[in-house]
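Before any comments, here is the structure.
Read-outs: derived from the displayed coordinates by stated rules, not from any lab. Note that the structure is a prediction, hence the values are computed from the model and not measured. Cβ placement follows ideal geometry from the backbone for every residue including glycine, while neighbour counts extend to all protein chains displayed.
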Amino acid sequence: MCHDLVVRQAHHEVYWGTLMTDTTAAHRPHRRLSFEWLGVAPFIIFAVMFLILPTLYLIGAAFIGRDGQFTFDNIAGLFTDQILAAYWISIRISGASAILGALIGLAVALALIRGRLPSGLRSAVMTFSGVASNFAGVPLAFAFISTTGRLGLVTIILKTVFGFDLYKAGFNLLSFWGLTLTYLYFQIPLMILIIAPAIDGLKKEWNEAAQIPGASQWQFWRYVGLPILWPSFLGTLSLLFANAFGAIATAYALTGSSLNIVPILLYAQIRGDALQNPGLGAALALGMILITACANIIYPVISARAERWMK
Amino acid sequence: MKTNRFWARLVFLLGAAYFIVPLVATFEFSLRMRRGYYSFDSYASVFSDPRFRATFGYSVIIGILAIIVGILVVVPAVYFVRLRLPRLRPFVEFLTLMPLIIPAIILVYGYIRLYNSSSVIPFTGSAPGTDILLTCAYVTPALPYMYQRRRHRHAHHRRADPDRGGPDRRGQHAPDHRPHHPAQYSGRCAVRRLPDLRHRHWRIHHSEPPQPPSLRALSTKYRRQPRL
């Protein structure tokens, strides 16, 4: 009997990797601790070298002047018309592409999961989304130039078949809306990928339960579905915002340096073309970190509300 | 419900058009090397160019190296944090979520300032050093997706069963592995949760899903046991 208990206890500990009783914990060999830390060490070293140190270095450099002394001059240098305008355009483009991407992505994901489309479609779309959400940078810029550029396929078809000149109507790919349209190509798939599991979490029974007292579909979504999806939606929205805010390769390949947005300004600083003040470059980076951090702090605050229902 | 289906199809078709047209247009553009007619000449000239082959090969090698480095860095950390060092978990998770908050261009700017040729670790000073830095720069943004927390399926069985993460006989909960961030739910991950084969075993031999244990079964299972 006693032997059986010991075996069961040992099996439990091995299976779960936990020590259930305090007596065994006291006899835990000390040697294993260092082995455990050795396993985590590569990750910690990697994170310190390639995440923490570069960030801290830039934050520190934002407060150090050319003479090596502590100064607020770099931060004050951000408040010029050009840099403030760059931040404002960046925030607007990121906000527009994040909001549109989140709404369209939600609509597509809902159509895909709740719209009773053919069953094989879902995995195909998910795979495609995985690819498309990484399809950024120069290839994406090229794809949109060959689609809606001045000699693009859609532009030419609209002009020759429908007699509608896209560019005379005021559209320009190298503008606010052009860049937003391009960003949507990776924002929508990212939204679909992230929101799909949350939509799966909406149980069919909730819809049936709402229908029994006579709720319409609209009432179900207004009072049950969307309030439950809301925190995931906002969390993904802030992620999409940060995603667009830091996107450089797409914007640079598309517009060169003609559009004045913060990543391009920072890129020019890296290349050494402009500004010529490393402190100001670090201050630019600090501003970007602050903005994306503010956008992402929303999520943990709201997620607690969603988890009540997801349990 | 029929209108529901109609709207679903319409939304899906519009979305599909937005995603497919640029790809078609790129392909069409690639055939327009010769004036007046379509040809595959641009492909021929690209593939016969040794510089293209060299850069393409370099990209492939760096990509594969990034995958290997990412797995070597993340998998042991996931294993030990999950099973041996749970108190490190919040810290490690915060680190893996950092690339979502800090744009890649800022990290790159930090690398260039921190690891330039006159610094303590001059990565950018030599060609192999630059390769290492490039590989690691590709691993960093993938961290949130590689370190994905276990998804919580079958959460409703969890209430009273320690084997499925519910409270054990001392009323303590096994670690709860719900994601912190919606990105961790997504399919973009390298390290997925291992399949729970015990559950599958149950499904094969029984036609209905496992029920939460009855009070009587629980009282037998969690009866007072002598301290070891």
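Descriptive notes on the structure:
- Proximity of backbone amide H atoms, modeled 1.01 Å from N, is registered between A:Ile64 and A:Thr71 at under 5 Å, excluding neighbours fewer than 5 places apart on the same chain.
- Cα gyration tensor shape for region B:1-48, rounded if a/c is under 1.5, else prolate or oblate: prolate
- Qualifying trypsin sites (Lys or Arg not before Pro) for region B:1-48 [loop in DSSP, other Cβ within 10 Å: at most 16]: B:Arg32, B:Arg34, B:Arg35
- Selection of chymotrypsin sites (Phe, Trp or Tyr not before Pro), region B:36-90, meeting DSSP coil and at most 12 other Cβ within 10 Å: B:Tyr37, B:Tyr38, B:Phe40
- From phi via Karplus (6.51, -1.76, 1.60), per-residue ³J(HN,Hα) for region B:125-133 in Hz, x at Gly/Pro: x, 9, 5, x, x, 5, 4, 4, 4
- Computed E for A:Ser34/A:Gln219 - FRET, C-beta separation, R0 60 angstrom, nearest 0.05: 0.50
- Under the convention that each Lys and Arg Cβ holds +1 and each Asp and Glu Cβ holds -1, the size of the dipole of region A:80-310 around its Cα centre is about 400 debye.
- Rounded to the nearest 20 debye, dipole of region B:1-48 from Cβ charges on Lys, Arg, Asp, Glu: 260 debye
- Take each residue in A:180-192, count the other chain C-beta atoms within 10 Å of its C-beta, and the mean is 2.
- Estimated distance in nm for a label pair at A:Phe70 and B:Tyr79, the labels positioned 7 Å out from Cα along Cα-to-Cβ: 4.6 nm
- Prolate/oblate/rounded label for region A:80-310 (Cα gyration tensor, a/c 1.5): oblate
- As a rough footprinting exposure proxy, the listed residues B:Cys136, A:Cys294 were ranked by other beta carbons within 10 Å of their own, and the order from fewest upward is A:Cys294, B:Cys136.
- Burial ordering of A:Trp221, A:Trp230, fewest other beta-carbon atoms within 10 Å first: A:Trp230, A:Trp221
- Computed over Cα pairs, the Kirkwood radius of region B:62-155 leads via Stokes-Einstein (1.306 mPa s, 10 °C) to a diffusion coefficient of 108 µm² per second.
- Inter-probe distance in nm under a simple model that places probes 7 Å from Cα toward Cβ, at B:Thr130 and B:Met33: 2.8 nm
- Relative contact order, whole percent, for region A:80-310 stands at 31, derived from Cα pairs under 8 Å and 6 or more residues apart.
- Calculated FRET efficiency, A:Ile212 to A:Ala124, Cβ-Cβ distance, R0 = 30 Å: about 0.30 to the nearest 0.05.
- Here B:Met146, A:Met191 are placed in order of increasing Cβ neighbour count within 10 Å, fewest first, which gives B:Met146, A:Met191.
- Region A:32-189 - Debye-derived log10 I(q)/I(0), Cα point model, q = 0.11 Å⁻¹: -0.80
- For region A:94-120 versus region A:157-204, the inter-centroid distance based on Cα atoms is 12 Å.
- Model label sites at B:Ile71 and A:Asn172, defined 7 Å from Cα along the beta-carbon direction, differ in position by 4.9 nm.
- Cα centroid separation - region B:64-102 against region A:244-288, whole Å: 30 Å
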